[in-house]
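**Student:** I have a structure I would like to understand better, so I am pasting it below and will then ask my questions one at a time.
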Amino acid sequence: MNPLRRLAALGQSVYLDELGRGMLRDGSLRRLIDEDGIHGVTSNPAIFEKAIARSDAYDDAIAELAHAGQGLEEVYETLVLEDIGAAADLFADVHTDSLGAAGYVSLEVSPRLADDTEGTVAEARRLWAQLGRPNVFIKVPGTAAGLPAIEQLVADGVNVNVTLLFGLDRYAAVADAYLRGLERRLEAGQPLGGIASVASFFLSRIDVAIDPLLDERAAGHGAAAATARRLRGRAAIASAKVAWTRYQAAFGGDRFARLASAGARPQWLLWASTGTKDPAYPATKYVEPLIGEPTITTLPRETMDAYRAEGDPAPRLTDDIEGARRDLAALADLGIDLDAVTAKLEVEGVEKFVKPFDALLEALERALAEHRR
């Protein structure tokens, strides 16, 4: 059996970390659903910058919108909402057949709002209403300002994909914000069924940040250097496995049981940033060790192709949790402050979305100017 389909049989949904009008038009996204059994799509500003600004698939639509007199950000939203809506419609049967457990497509609020709670809530509500589909996630960054936004949006009944999670304490705070939102709905007498949320825990960027610190310590001699060499490439997987224990604590106790009895779903963990950045690592490095139920893995096209060709699915998420904890403790013993590293990654993660978002708007502005001459 196709390894990607075997992941689904093990309780892990596979999402594609890519979207563009080309794959909607040529049927390639439909084929991924039919042949590989993928369960959803994630998008972000970098993905749309690549799709819109670096292809000709949108030229006719941009020309039409330019002649219709739409403004810059209105054009951006029109193009993006059309793609998200079309993709969500493709996954409508997956969503229905899974009773709402799968079939979601994610759209991010403007990354410029990462530190603006009220702005995030307002934009998320507006995008949710405009899309008008139950199988959409509105992506909200898990920043300090994002936490109250997440709570409010869940209380409003908006499906939320919490993105840019790197640290364990921040992940626990995100799970708590989701629970508080559900509790507010319950207290207000509003239904909990049909609300979905995921917490997107980013992986490869953790190792990109930690590995150079380990390499510095590995250059010496003695036990500390040996430990540093052993830990190279292990911080992300160890963090994810410990995050899984935080998930169990948040959704395995009496607090969530009360909500579940009223129809609530847990906030699933989603493994993001699964493409390897270091060529020394196998392409499936951030997939194989984290297979477990119920989780989601979102894969860029290259990683999905690699897993289809060489994946070896087995339920490994719960393997050696104590070893993961020891790895994180060993990082601290080497003087590596994981909390400080992940806090920096959060700031950089927002910046890495702001830059392509701004680049996309600049490209659209040039294209609109051309069509209006």
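The numbers here are math on the coordinates, done by the rules we state, and not lab data. Nothing here was measured: the structure is a model prediction, and the numbers come from that model. Cβ atoms come from the backbone with ideal geometry, glycine included; neighbour counts cover every protein chain shown.
**Student:** Using R₀ = 41 Å, calculate the FRET efficiency as 1/(1 + (r/R₀)^6) where r is the Cβ-Cβ separation of Ala63 and Asp337; round to 0.05.
**Tutor:** 0.20
**Student:** Next up: Please give the peptides 101-107, 187-193, 174-180 ranked by average Cβ packing (other Cβ atoms within 10 Å per residue), highest first, as a rough proxy for protection.
**Tutor:** 101-107, 174-180, 187-193
**Student:** Also, quick follow-up: Calculate the spin-label point distance for Met1 paired with Glu310, positioning each point 7 Å from the Cα along the beta-carbon direction, and give it in nanometres.
**Tutor:** Inter-label distance under the simple model: 2.3 nm.
**Student:** Quick one: angle between helix 117-131 and the longest Cα principal axis of the chain, in degrees between 0 and 90, rounded to 10, please.
**Tutor:** It is inclined by approximately 60 degrees.
**Student:** Around Val162, what is the net charge, scoring Lys/Arg as +1 and Asp/Glu as -1 over all other residues with Cβ under 13 Å from its Cβ?
**Tutor:** Its environment carries a net charge of -2.
**Student:** A follow-up question, please. Label-point separation (nm) for Asp319 and Thr96, each offset 7 Å from Cα along Cα-to-Cβ?
**Tutor:** If labels sit at Asp319 and Thr96, their model points lie 3.9 nm apart.
**Student:** Once the Cα atoms of helix 301-310 and of the chain are each reduced to a long axis, what angle between those two axes, in degrees from 0 to 90 to the nearest 10, is obtained?
**Tutor:** Compared with the principal axis, the helix lies near 50 degrees.
**Student:** A further question on this structure: Under a GNM of the chain (C-alpha, springs under 10 Å), which listed residue has the highest mean-square fluctuation: Ala122, Ala68, Ala343?
**Tutor:** Judging by the Gaussian network model, the answer is Ala68.
**Student:** Where does helix 321-333 land angle-wise versus the long Cα axis of the chain, in degrees 0 to 90, nearest 10?
**Tutor:** It works out to around 80 degrees.
**Student:** Give the residue from Leu90, Gly252, Phe201 lying farthest towards the positive end of the charge dipole for the chain; charges sit on Cβ (+1 for Lys and Arg, -1 for Asp and Glu) and the dipole is referred to the Cα centre.
**Tutor:** Gly252
**Student:** Also, quick follow-up: How many percent of the alpha carbon pairs in the stretch 1-140 exceed a separation of 19 Å?
**Tutor:** Of the Cα pairs, 54 percent sit more than 19 Å apart.
**Student:** Here is a further query. What 222 nm value per residue comes from the helices of the chain, counting each DSSP H run with n ≥ 4 as -39,500 (n - 2.57) and dividing by all residues, nearest 500 deg cm²/dmol?
**Tutor:** -17000 deg cm²/dmol
**Student:** For the chain, with only Lys/Arg (+1) and Asp/Glu (-1) charged at the beta-carbon, what is the dipole magnitude about the Cα centre, in debye rounded to 20?
**Tutor:** For this selection, approximately 760 debye.
**Student:** Please grab the % of Cα pairs in the chain that end up more than 33 Å from each other.
**Tutor:** Numbers: 20511 of 69378 pairs.
I get 30 percent for the Cα pairs in the chain exceeding 33 Å.
**Student:** Additional query: Quickly rank 41-48, 287-294, 72-79 as a protection proxy: mean count of other C-beta atoms within 10 Å, highest first. Provide the component values of the computation, followed by the final result.
**Tutor:** Numbers: 41-48: 23.2, 287-294: 20.1, 72-79: 17.1.
My ranking of the peptides, most packed first, is 41-48, 287-294, 72-79.
**Student:** I would also like to ask the following. Filter Lys139/Lys285; Lys50/Lys355; Lys241/Lys285 down to the pairs with a C-alpha to C-alpha distance above 18 Å, please.
**Tutor:** Flagged as over cut-off: Lys139/Lys285.
**Student:** If you don't mind, another one. Please give the FRET efficiency for Tyr281 paired with Glu82, using the beta carbon to beta carbon distance and R0 = 30 Å, rounded to the nearest 0.05.
**Tutor:** Numbers: r = 37 Å, r/R0 = 1.22.
The value I calculate is 0.25.
**Student:** Can you order the peptides 220-226, 137-143 by their average number of other Cβ atoms within 10 Å per residue, highest first?
**Tutor:** 137-143, 220-226
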